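J.: Starting off with a structure, shown below.
The values are calculated or read from the model by the stated rules, or taken from the named source; none is laboratory data. All values reported here derive from a predicted model rather than from experimental measurement. When we count neighbours, we look across all protein chains shown, and the Cβ atoms used for this are built from the backbone with ideal geometry, even at glycine. Accessible surface areas use protein heavy atoms only, side chains included; no ligands, DNA or RNA. Shrake-Rupley method; radii C 1.70, N 1.55, O 1.52, S 1.80 Å.
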Amino acid sequence: MIAAMSETAPTPVTIRLCQPRGFCAGVDRAIQIVVLALKKYGAPVYVRHEIVHNRYVVEGLRDKGAVFIEELGEVPEEHRDRPVVFSAHGVPKSVPKEAESLNLLYLDATCPLVSKVHKQALRHHRRGRHVLLIGHGGHPEVIGTMGQLPDGVVTLVENEEQAAGVDLPLDLALGYVTQTTLSVDDTAGIIRVLEERFPLLEPPAAESICYATTNRQEAVREAAPGTDLFLVVGASNSSNSRRLVEVAERAGAKRALLVQRAGEIPWNELGRLATIGLSAGASAPEIIIDEIIEAFRAHYAVTVDPVVTAVEAEDFPVMRTLRDVELTAADMAFVNGTI
Ligand code: SF4
C-alpha cells in the first residue's frame, strides 16, 4: 500500500536524479525554430512530422498555432504561402525538393548532428563505398539518412543477427554510419560483427551516436544499480528514451518504466520502494520531471540525490532568417521545457 494512504509517517524514498537528462541542444533548437516562425510569420505554421517525439511539446506548439502534418501535400492550397518546418530527425532529399516544387517556404530544423551523419554517409558514397546504416527501420531519422543517397546504395542493419547475415561480397568497399540515438553498447556489438566479416569496412570520420545520447546513457548507467524502480520520461516512439529504459535494466534497476506524465505511474503496482532512478529522454521537457518528483512527494518522504556525470554546454544556433525575432521570457521557458 502506498505511504499516503497509511496513518504512519510517509516512507522515505531517495530519487537518484540523472544529469544530464531531458532536452538536448538539437531539440531545443527545433522547438525554438517553430516558436520563432510563429512569431515572425504568425499562425498557422506547418510542421512536417512531430517536431520532436513528445506529446507535451507537440500539444504546446499546437496551442500556439502549429499544424502537424506527415506529408507536404497536406498543406492546403490556400496556405501554400505559410512556412513549413522539417522536424529535428531530418528528412530525405526528396522533401526539400518537393517543397521547392510546391513553392513552399521551408525551415529545416534537422539537428546539426543528424546533418553530420548525412554528410558522413555521402562521403562514404563519394569514395565509392556501399553504406551500411546501423539503426531502427521506420524511424524518421533512418528514413531521412537513407534518403540522402540513391536507392540501393544503403543497407540497413538493425541488430547483430542482421549484421551476421548482411548479404554483400566480403571484399566490397563498405562504410558505416549509425542513427544518432542508439544504445552505445548494442551498436559496439553490431560494429564488431561487421568488422569481423568485412575487412574493408570503414568507420565514419566522426562518431555518429550524438553527445546527448551518450551522456544520458552514461548518467543512467551510473544511477541505476540497486534502484527498485527506474523511471524514464519519454514517448514510446522516442528512440533515445527507449534506449535509456534498456540501459537502466541492464545496469541493475529492478524495474524500468517509460512514462510520458506522472499520471501514467502505476502507483498500486510499485511495491516497496527505497531508491528510484529518474531520467528523461532528449525530447522530454524538464517540467515533467518536476511533475513526477511532486507526485512522489505526495506519496513518500522524498530526498533528491543528483547523479551528475557530465555538464553540457552545447548550443545550436537557429537559421539566420529567424535570428532577428525576439523571444519573451515565457517563450524561452517553453523552449527550455520549464513551463
Ligand atoms: S538526440 Fe542528439 S541528434 Fe537527436 S536532436 Fe538531440 S543532439 Fe541532435
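J.: How much accessible surface area, in Å² rounded to 10, belongs to the heavy atoms of THR145 with a 1.4 Å probe?
T.: Rounded to the nearest 10, the figure is 10 Å².
J.: Which ³J(HN,Hα) values in Hz, rounded to whole numbers, follow from the phi angles of region 184-200 under the Karplus curve 6.51 cos²θ - 1.76 cosθ + 1.60, where θ = phi - 60° and Gly and Pro get x?
T.: Running phi through 6.51 cos²θ - 1.76 cosθ + 1.60 with θ = phi - 60° gives 4, 5, 4, 5, 4, x, 5, 5, 4, 4, 5, 5, 5, 7, 10, x, 8 Hz.
J.: If you roll a 1.4 angstrom probe over the protein chains with everything in place, what fraction of the accessible area of the chain belongs to carbon and sulfur, to the nearest %?
T.: Carbon-and-sulfur percentage of accessible area, whole number: 51.
J.: Further question: Projecting each Cα onto the charge dipole of the chain (Lys/Arg +1, Asp/Glu -1 at the beta carbon, about the Cα centre), which of ILE15, HIS118, GLY337 comes out farthest on the positive side?
T.: Farthest along the dipole direction, towards plus: HIS118.
J.: Place a +1 charge on the Cβ of each Lys and Arg in region 1-112 and a -1 charge on the Cβ of each Asp and Glu, then give the dipole magnitude about the Cα centre in debye, rounded to the nearest 20.
T.: With only Lys, Arg, Asp and Glu charged at Cβ, the dipole is about 440 debye.
J.: Just how large is the dipole of region 111-172 about the Cα centre, in debye to the nearest 20, putting +1 at every Lys and Arg Cβ and -1 at every Asp and Glu Cβ?
T.: In debye, rounded to 20, region 111-172 gives about 560.
J.: Using a 1.4 Å probe, what is the accessible area per residue for region 1-148, in Å²?
T.: For region 1-148, the solvent-accessible area averages 42 Å² per residue.
J.: Heavy-atom accessible area of GLU70 with all protein chains present, probe 1.4 Å, nearest 10 Å²?
T.: About 90 Å², ignoring ligands and nucleic acids.
J.: About the Cα centre of region 236-332, what is the dipole size in debye to 20, counting +1 per Lys and Arg Cβ and -1 per Asp and Glu Cβ, all else neutral?
T.: 540
J.: For the chain, place one equal point scatterer on every Cα, skip the solvent, and apply the Debye formula. What is log10 of I(q)/I(0) at q = 0.13, 0.15 Å⁻¹?
T.: For the chain, the Cα-only Debye profile gives -1.01, -1.22.
J.: For the chain, what is the percent of antiparallel DSSP beta bridges, rounded to the nearest 5?
T.: That works out to approximately 0 percent antiparallel.
J.: OK, next. Helix-only mean residue ellipticity at 222 nm, the chain, DSSP H runs n ≥ 4 weighted -39,500 (n - 2.57), per residue, nearest 500. What is it?
T.: -11000 deg cm²/dmol
J.: Rank ILE289, SER241, ALA251 by how far each Cα sits towards the positive end of the charge dipole of region 224-290 (+1 on Lys, Arg Cβ; -1 on Asp, Glu Cβ) and give me just the farthest.
T.: Towards the positive end, the residue furthest out is ALA251.
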